[in-house]
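*Asks:* Pasting a structure here, questions to come.
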Amino acid sequence: MEKRKPIKIKLISATTHSELFSGENGTAMFLNEFKRLLFKCPGCGEVASIPISMEGSGKDWKWDGNKESPTLNPSIHSVGCCGWHGWLRGGIFSE
Ligand SMILES: [Zn+2]
């Protein structure tokens, strides 16, 4: 499958929910005091939400604590929509 272009994350504030839904792919916001990341799938724009923590419990994604250019581990697989599978590293979604 052809790889899509990397997309820079566009973080918005948690008070502007509607902006997320109208935003472009890669628009994202932290929720629940940085326990969750809501983002628009880099592949198709579907809104997805994943649990995160700085410890990385194994049931969530380990977040490096960077609020502007976050890195998450492990990779993200958008199973509920287009199947995009890639990484968020240094604020860039890339396959
Ligand atoms: Zn998708």
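The numbers here are math on the coordinates, done by the rules we state, and not lab data. Everything quoted here is computed from the prediction, not taken from an experiment. All Cβ positions, glycine included, derive from the backbone under ideal geometry; neighbour counts span all protein chains shown.
*Asks:* Taking the chain, how many lysine pairs are there with alpha carbons less than 20 Å apart, if each pair must be eight or more places apart or span two chains?
*Replies:* 14
*Asks:* Lys and Arg at +1, Asp and Glu at -1: add these up for the other residues within a Cβ distance under 15 Å of GLU24 and post the number.
*Replies:* Cβ neighbours under 15 Å give a net charge of +3.
*Asks:* Say R0 is 25 Å: what FRET efficiency, to the nearest 0.05, do SER22 and SER69 get from their beta-carbon distance?
*Replies:* In this case the efficiency is close to 0.65.
*Asks:* Let me ask something additional. Order by neighbour count: SER57, SER18, fewest other Cβ atoms within 10 Å first, most last.
*Replies:* The most exposed by this proxy come first: SER18, SER57.
*Asks:* If you don't mind, another one. As a footprinting exposure proxy, order VAL79, VAL47 by other Cβ within 10 Å, with the fewest listed first.
*Replies:* VAL79, VAL47
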